[in-house]
Structure formats: structure tokens, C-alpha cells
Amino acid sequence: MALNGMQIYKLLPQKNCKECGFPTCLAFAMKLAQGNVEAEKCPYMSDDAKAKLSEATAPPMRTVKFGAGDFEYALGGETVLFRHEKTFVNRPRFAVMFSDAMSSDEVDRKIKNVNEVNYTRISEEMHVEIAAFKCEREDKDAFISLIKKVTDSCPKVVPMIMTENTEIAEEAVRQFGDKGPILFGANDQNYEAMVNLAKDHKLLLGVTAAGKEKLYELVEKIQKAGYKELLLDAGSRNLKGTFDDMINIRRTALLSGDRTFGYPTVAFVCDMAQDKMMQLACATLFVEKYASIIVLSDIDYSIALPLFALRQNIFTDPQRPMRIEQGIYKIGAADEESPLLVTVDFALTYFIVSGEVERSKVPAWILIPDAGGYSVLTAWAAGKFNGKSIAKAVKEFEVENKLKTRELIIPGKVAVLKADIEDELPGWKVVVGTEEAATLTNFLRNYKQAAS
Amino acid sequence: MAYKMPVQKYSGKINEVTIGNGLKLGGESVLPFYSFDGDIGNKPAIGMEIWDIYPESWPKCLQEIFKDVADDPAKWANFCIYNYSPDFICLKFEGASPDGLDRSPEECAEIAKKVAESVSVPLVIAGCQSNEKNAKVFTKVAEALADKNFVFLSAVESNYKEVGAAVGMAYGNIVAAESSVDLNLAKQLNILITQLGIKPDRMVMDPGCSAVGYGFEYVVTTMDRIRLAALQQNDTTLQVPMILPVSFETWKVKESVATEDDAPEWGSQEERAVGMEISTAVGVLGAGANAVILRHPRSVEVVRNFINQMTE
Ligand code: B12
Ligand code: SF4
């Protein structure tokens, strides 16, 4: 629980030496209580006091890590229930479920699918981050060789080792510990051994119990045993029950300030439905509220495209709009005769448009004026994307010196701007492009033909 | 210490609005699907979108499903009702667009009447791109369908007076207030519409929609804030059921329109488009939508299954 200023003051050395930059220890304590300053500023605090303080000032939900090297991820650390209150910080990660009871054909198919879904959207690389391995046959060798096969074939996944058998867990952790796997399966029976194993290898430990009440008791025991790198599962395997768990575990941490539930959670969407579209529906809900790991049966583009895009949106910091620098951008080997397009300085729009231009293989220029960082129609409706702002960019970035072309392709959604822009830019012709960037590729190929 | 479940108190409640003869929207006094907190009200409803003209611009995989019925809106509506049992039909007058067929309001009214007479579920009447034209179309259609309790999608800042007066006041139908992803704009338009004399339980709202991946965070955040204001701060001007025309947005983005030739690595176009539609629909339902409009039968099936599991 949080400490107040007086409680913190009692932990301080009480020398009033001013080295922290405050006139007295009490003044420093008050600032600490508000979270406006770091405890390190006082060089004389005892280790014990430091530990107590960091415990007291820790955020209500712990940030935990898993994975290794380029594939290390943080989970949790959330401070709000709704993104407008501040921001969501650590996006959920997607897993695909494997099991030692699956046929090798099925395993091969999933390996192929996991590797196939790999693409970039708005400068973020999208792929499945985790392969979950369920040990169902209690056969150590079969389980290990499954993990080995999948992790060898899918270099980008971090394994999640799922077993309640501590002996099998130990062997799996010994073999794959360098990948920073998640160890899932600490329950009421085995938690002491599992905690030791997780401690020894510094692993994120998945804790599972039948229901929130039992989970709560178990987490208390594990915390007493001194481990706090946890991932929670209250045992629901259906949509409605899991939703209840996700909301209430998160609210217990953030609203009640109870750190026993101040950990990220996992949603086993793979158990909620057979149908992949129904799994997509469930996963969508849990991206919004509030899973940190979402386990699917399988993956392909029809579910990855919406899910990764949704995740990217929801985890955008609302206080930091994604804006791209104004200027004139060269795509491919564009020369002074190449087509010139104009769009806005909203990063989402720019990346979509430039991606399509690249795909068309037509070398081109993209002009980005000051459009307030808004999408095309938003900027237009806000009066920031018009003849004036575009003409200003043409001048500012010396387009007339750099290029011979005097044709400007504008987004189809703002076709009404044609006359306005031509008025502001004497000698220029405005060509109305397509409404959506998806059809820009064909447009550019035809446009180039028309010109040559 | 034993686990204590946090309790969330709410002071407001979303109005219950009846569409047609008995389709009830809203009525919840907790956040969407928070049945552990209290009364979740009526199940969110699903509508299917049809057009007054043949939908040439829809992706081929979608046209294929409706191609035998899509040149006759009444047939199309009944095909959907018979095969997929939507809660309502959204009849969109794309043909009224001044840039297209420029169909007259009288002609639209005629079509609407024919469809209304042939169907067993309520209608949601939607317009074209032009708000100016929509005001005229809605006036005539509302007159032809007087006192049916049908929804008109939508009244916007520039035409709410005309639409409100005709649809809501003169002809006894339900006005949908559409704003652009902003709580204050939504609130302001709701207030203006009630000031025309329309009762709060005779309106719904569309706070603005987009597809997942396309500014969707703004949509979710606007809806979250609207619901929190309505339920926790008891802001009566925002206690209005929300209807989101999901299909208007999802079927034009690249994930849905790129053919398999355009993007061979992405696999089936139909599945991608269905995926975008389902995810966007669930995304807005999770943020408080009381009704969604969809196109593909598979999306209808999956979203219904989702709603049933969350509410039963
Ligand atoms: C998110 C959003 C916002 C966010 C802004 C986020 C941002 N950074 O832009 C917020 C909430 C802040 C906002 C505010 C407003 N918004 Co707004 N907003 C949206 C929303 C939901 C999505 C926009 C989006 O991100 N689209 C995705 C991007 C990628 O699309 P895009 O930029 O158009 O790019 C596509 C194409 O244009 C094309 N393209 C782009 N560049 C180029 C270039 C060429 C050459 C070619 C060929 C093609 C091309 O490719 C892209 C992909 O296909 C839309 C509704 C919708 N569903 O579109 C409304 C919408 C754009 N907003 C609208 C309005 C009115 C506003 C406000 C003016 C409301 C107000 N009165 O305050 C304000 C303006 C801001 C202000 N006052 O300061 C209206 C515009 C109405 C109109 N037709 O003019 C819309 C359409 C909503 C509506 N139906 O009423 N908005
Ligand atoms: S540095 Fe430490 S001991 Fe010195 S005044 Fe500040 S808090 Fe007190």
C-alpha cells in the first residue's frame, strides 16, 4: 500500500543535509509521496528503507518480462483502465498453441502458418510472438522434441512451457532457458518447486487456479515465497468467464490498489471456440480489455491483419499523436520527371500511402505539407489541408527547383480541392487520385503509362 | 486475506429505445457486457446492409452471395431475413447520390415503402454521401413510412433541423444523430436534436466509426468516454443507444479490397474481409455499441454467436 509523507519521513536519515536538493528531509518526503522525485536523490538512505520505499511507491501493476535478445517483451505495467485517462503501455502478445498430442502434420501446418504471418505495418514488425506448448502426454522426451522442433523452425517465437509436472518443467527449462521462456503451470500443489525453478532461471511464471478466489490465495503464497514475476490465469476457458476474470483482476489492481492481482493475465482463446473467426472475435475483445497474452489455436492473415492492426491502434499513446515530418519524400529511384503525390503528415496515412507507392514499383515523390498531423478528411475538415497549406509546402521544399513535373496527384477523398490548389499554384495541374490507397497501385501504373 | 471483488457503482442508465414493433435497444446500467456489475440491458442488435441499387462496387466475393437478389431491394431484404435472420435491415440509398444515379426522394420513398411492406423486421434507412440530399430523401421516406419507428441514419450537424423535423417530429420515426469521433460534438448534437422537441427515447446515436487499424483508437476512446459520462456521471444527454455502421467502413479498406492477385501472400480475400468486419464489430461492441450493421452472412453468424455468449 502507498505510504504517506509522514510514513516516508520516518524512513529517511533525518539529517536535513539538503543534498537531495530539498531544504529538509520532510520536504523531500512530501515530494516522494507525490511521486514527483526519485528516492535515489538522497545518498544516505539505508538499503532497508530503500526497499520499503520502492515497494510502497511501486506502480499497482507490475511490469514483467519474458523472452531474450531481440525477442524480449514487457507485459503489464498498466496504470489506467481506459486509454484516454493516460495511455496503455505494454501491448498484449499473441501465442499459437501446440501440444504433444497433435499429429506431426498438424504441427507442421502450424509451423508454416506461424512463419508465414510476418509483415510490417506502420513501421512495426508483425508476427506471432509466442509458441505455447501444452504437455498432455506426460512424456518428457516427446514434449522436449516438440518444443525443439517448433523453436528451431520458428526463430521468432518465445516458448511458453505449459506443464504442471515439475520434472518435465525442469528439463524443458534447462534446455530452453536461454530463450527466456514463460513457465506456465504453478498451481496449489506444485508452486514451491515451480517458484524455485522460475527463480533459478529468472522466468516469468504462469500461475493457475480454479477461480479468482483460489488464484488470489495462491498468489499470496507465491509472493510470500518471494517471487513476483507472475502471469495470472483464473482458470476460465469460456468467453464470458474469461471476460469477468480480465476485468476484475485488472480492477482489483488498479481500482482497489491491491497488488496481489497486480500482474498481467493470459486469455486462452484457443479453448473458447473451434472456429477461427470466433477466436478472432474473442481475441478482439481481449485486446481491448485486458489480456496481456492471447493464445490462439492457429494464425493466418485473415485473423492477423485485423488483430495486429487493432492492437497497434489501441496501444497508441493518445498524448503523442503519430506525426511524420513535413517534406518531400523520394520513393524508389524517382527522378525529376517522376509523378508527385501529396498526402498528409499523419503517420498512419503516410505509411499506408508510401507502402502502396512502393508496391506499385513506380518511382515517385510524396509531398507532405503541414496538415496538423491529421488524416486526409480530418485535416480537410479542420481546414489544415487545402490549397494554401499545399502551395506553402511546394514553395518551402523547393519542389519547382527539384522536379520538372507540374502535375500534382491529390487524394480522391479531397477531389473538391482541385480548383483551390490550382488557384494557389499557377502553372500546375491537379490530378485527382483514388479514394483509397489500396487502388493507388493500379492508378500509378496507368498514370505513368499516360504520361509516357 | 480473502479476495474481495471490486465494486463499481453507476448512477446512470442508457435509454431503452424501441425500433419497429419490438426491437429494443439499450437499457443497460453498466459498461458493455459487465454483467458482474449489474443489468446489461437488451442484447446488442445486428442489422444487414442492403442497397437500393446493385452493389457494383462491392468486392466480387461479396456480390456473389447476393447476385441473384441484389437488383431488387425487397427480394434482397427477404433473402437476408430468410437465410440469416438479422434483427433489422439497413436499406442504404446509395442510388440517391448526386454523383451517381441521383435518384429522386420520391423514387426512394417508393422503394422504401415496397421493402417495408415485404419485410418482417424493422428498417434502418441510410443515405448517401451528400447530407443535403439525404435530408430531402429522409423527409420523403419518413413520410411514406410514417409512425413505423424506423431509424434514419443519420442527422448530422448540417441537416439535423430538416431531418429531425421530418423524421422525428412530423412522421414519428427515430433519428440517429451522427457526429465525428468527439464526445463534445456528440453531446451537442444530441442536445440540439432534443431541443427540436424529439424525446430522448426516440433517438439513437452514431458517434463515428472506422475500421480496425484506421484511426480505430479514436473511435473506441470516444465511445468509452461517452459511456463513462452516461453511466458514471449520469450525463442524460449521452444516455442514448449507439448504432455503428461497421460495414460502411470495413469493406473499403485494403485488407478487404485487395484481391488475391493484388496480395497473394495474404490468402483468401473473403476471409480477410470477414475478419475485418468481425473484429471491427466486436471492437465497437466492447466499447458500448447497442447495434451494428454488417454485410457478410458469416460475420452476422459469428458476431451473433459472440453476443449470445456474452449475454446469456
Ligand atoms: C480518427 C478520426 C479523427 C481523429 C484524428 C486522428 C488523426 N490524427 O487524423 C480526431 C478524433 C482527432 C478527429 C477530429 C476531427 N474529425 Co475526424 N475522423 C477520424 C476517423 C474516424 C478516421 C480517420 C482515419 O484515421 N482514417 C485512416 C487514414 C489512413 O485515412 P486517410 O488519411 O483518409 O487516408 C486514406 C485515403 O485518403 C488514401 N490517401 C491518403 N493520402 C492519399 C494521397 C493520394 C495521392 C491518394 C491517391 C490517396 C491517398 O489512402 C488512405 C488509405 O486508404 C474518420 C472517419 C473515417 N472512418 O474515416 C473521421 C473524419 C475524417 N473526421 C471528420 C471530422 C469532421 C473531424 C473534425 C473536424 C470534427 C470537429 N468538428 O471537430 C475534427 C477535426 C480536428 C480538429 N477540429 O482539430 C469527418 C470528416 C467529414 C468530411 N467528409 O469532411 C470524418 C470523415 C468523420 C465523419 N464521418 O464525420 N477525427
Ligand atoms: S539528502 Fe537525505 S538526509 Fe539529506 S536532507 Fe535530503 S533526505 Fe534528508
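The values are calculated or read from the model by the stated rules, or taken from the named source; none is laboratory data. Please read these numbers as outputs of a predicted model, since none were measured by experiment. Glycine also receives a Cβ, built like all others from the backbone with ideal geometry; neighbour counts cover every protein chain displayed.
Against the test of being within 13 Å of chain A (Cβ to nearest Cβ) and within 25 Å of B:Met48 (Cα to Cα), the options B:Val151, B:Val212 yield a single qualifying residue, B:Val212. Pairing each residue of the stretch A:375-403 that is within 14 Å of another protein chain (Cβ to nearest Cβ) with any residue that is charged (D, E, K, R) and away from ligand 2 (no atom under 16 Å from the Cβ), provided the two are 6+ apart or on different chains, yields C-beta distances under 9 Å for A:Val376/A:Lys413; A:Leu377/A:Lys413; A:Thr378/A:Lys384; A:Ala379/A:Asp345; A:Trp380/A:Lys413. Residue-level analysis places A:Gly372 among those that are away from chain B (no Cβ under 12 Å), within 26 Å of B:Val253 (Cα to Cα), away from ligand 2 (no atom under 16 Å from the Cβ) and under 29 Å from the mean Cα position of the chain (by Cα). A:Phe94 falls short on exactly one of the conditions (1) surrounded by 22 or more Cβ atoms within 10 Å (Cβ to Cβ); (2) within 21 Å of the chain's Cα centre (by Cα); (3) more than 14 Å from chain B (Cβ to nearest Cβ), and that condition is (3).
If you check A:Val173 against the conditions, is it closer than 15 Å to A:Leu231 by Cα and in contact (Cβ under 8 Å) with a residue 24 or more places away in the chain? Criteria not met by A:Val173. Among the residues of the stretch B:1-27, those identified as part of a loop (DSSP other than H, G, I, E, B), in contact (Cβ under 8 Å) with a residue 60 or more places away in the chain and away from chain A (no Cβ under 14 Å) are B:Ser11, B:Gly12, B:Lys13, B:Ile14, B:Asn15, B:Gly20, B:Asn21. Considering (1) surrounded by fewer than 24 Cβ atoms within 10 Å (Cβ to Cβ); (2) more than 7 Å from every other protein chain (Cβ to nearest Cβ); (3) of a type in the set (D, E, K, R); (4) within 20 Å of the chain's Cα centre (by Cα), the lone condition that B:Lys252 does not fulfil carries the number (2). The test for being buried (at least 18 other Cβ atoms within 10 Å of the Cβ) and over 22 Å from A:Asp258 (Cα atoms) does not hold for A:Phe71. Every listed requirement among (1) within 13 Å of ligand 1 (Cβ to nearest atom); (2) more than 14 Å from every other protein chain (Cβ to nearest Cβ) is met by A:Phe351 save one, (2).
Does A:Leu425 qualify as being within 14 Å of chain B (Cβ to nearest Cβ) and either within 16 Å of ligand 2 (Cβ to nearest atom) or crowded, with 19+ Cβ neighbours inside 10 Å (or both)? Taking the combined requirement at face value, the residue does not satisfy it. Within the option set A:Arg259, A:Arg250, being at pLDDT below 95 and crowded, with 16+ Cβ neighbours inside 10 Å holds for one residue only, A:Arg259.
Filtered by the rule that a residue be more than 16 Å from the chain's Cα centre (by Cα) and among the aliphatic types (A, V, I, L, M), the stretch B:204-249 gives B:Val212, B:Ile226, B:Leu228, B:Ala229, B:Ala230, B:Leu231, B:Leu238.
Every listed requirement among (1) surrounded by 14 or more Cβ atoms within 10 Å (Cβ to Cβ); (2) among the β-branched types (Val, Ile, Thr); (3) free of Cβ contacts under 8 Å to residues at least 60 places away in the same chain is met by A:Val128 save one, (3). B:Gln129 fulfils the conditions (1) within 14 Å of chain A (Cβ to nearest Cβ); (2) more than 16 Å from ligand 1 (Cβ to nearest atom) except for a single criterion, (2).
Checking the structure you have, find out if any residue of the stretch A:161-176 is farther than 19 Å from A:Met102 by Cα and within 24 Å of the chain's Cα centre (by Cα). Scanning the stretch A:161-176 turns up no residue that is farther than 19 Å from A:Met102 by Cα and within 24 Å of the chain's Cα centre (by Cα).
Filter the stretch B:261-275 for residues that are modelled with pLDDT of 95 or more and more than 8 Å from chain A (Cβ to nearest Cβ); which is nearest to A:Thr349 (Cα to Cα)? That would be B:Ala273. Count of the stretch A:203-241 residues, restricted to those that are surrounded by 19 or more Cβ atoms within 10 Å (Cβ to Cβ), among the polar types (S, T, N, Q) and assigned to a loop (DSSP other than H, G, I, E, B), is 1. Return the residues of the stretch A:31-60 that are within 20 Å of A:Thr265 (Cα to Cα) and touching a Phe, Trp or Tyr at 6+ places or on another chain (Cβ under 7 Å); say none if nothing qualifies. Listed by number, the list is empty, since nothing qualifies. Taken together, A:Val399, A:Val394, A:Val431 contain a single residue that is under 29 Å from B:Ser256 (Cα atoms) and in contact with a helix residue (DSSP H, G or I) (Cβ under 8 Å, 6 or more places away or on another chain), which is A:Val431. Taking the listed residues A:Leu285, A:Leu307, the one that is buried (at least 20 other Cβ atoms within 10 Å of the Cβ), touching a Ser or Thr at 6+ places or on another chain (Cβ under 7 Å) and at the interface with chain B (Cβ under 10 Å from one of its Cβ atoms) is A:Leu307, with no other qualifying.
Restricting the stretch A:11-37 to residues that are within 6 Å of ligand 2 (Cβ to nearest atom) and within 38 Å of the chain's Cα centre (by Cα), the residue that is farthest from A:Thr57 (Cα to Cα) is A:Cys20. Cβ-Cβ distances below 7 Å connect the following pairs, each with a first residue in the stretch B:128-155 that is modelled with pLDDT under 95, a second residue that is of a type in the set (S, T, N, Q), and a separation of six or more residues or different chains: B:Gln129/B:Ser97. If the condition is being on the phi < 0 side of the Ramachandran plot, away from chain A (no Cβ under 14 Å) and not β-branched (Val, Ile, Thr), then the stretch B:34-57 contributes B:Asp39, B:Asn42, B:Ala45, B:Gly47, B:Met48, B:Glu49, B:Trp51, B:Asp52, B:Tyr54, B:Pro55, B:Glu56.
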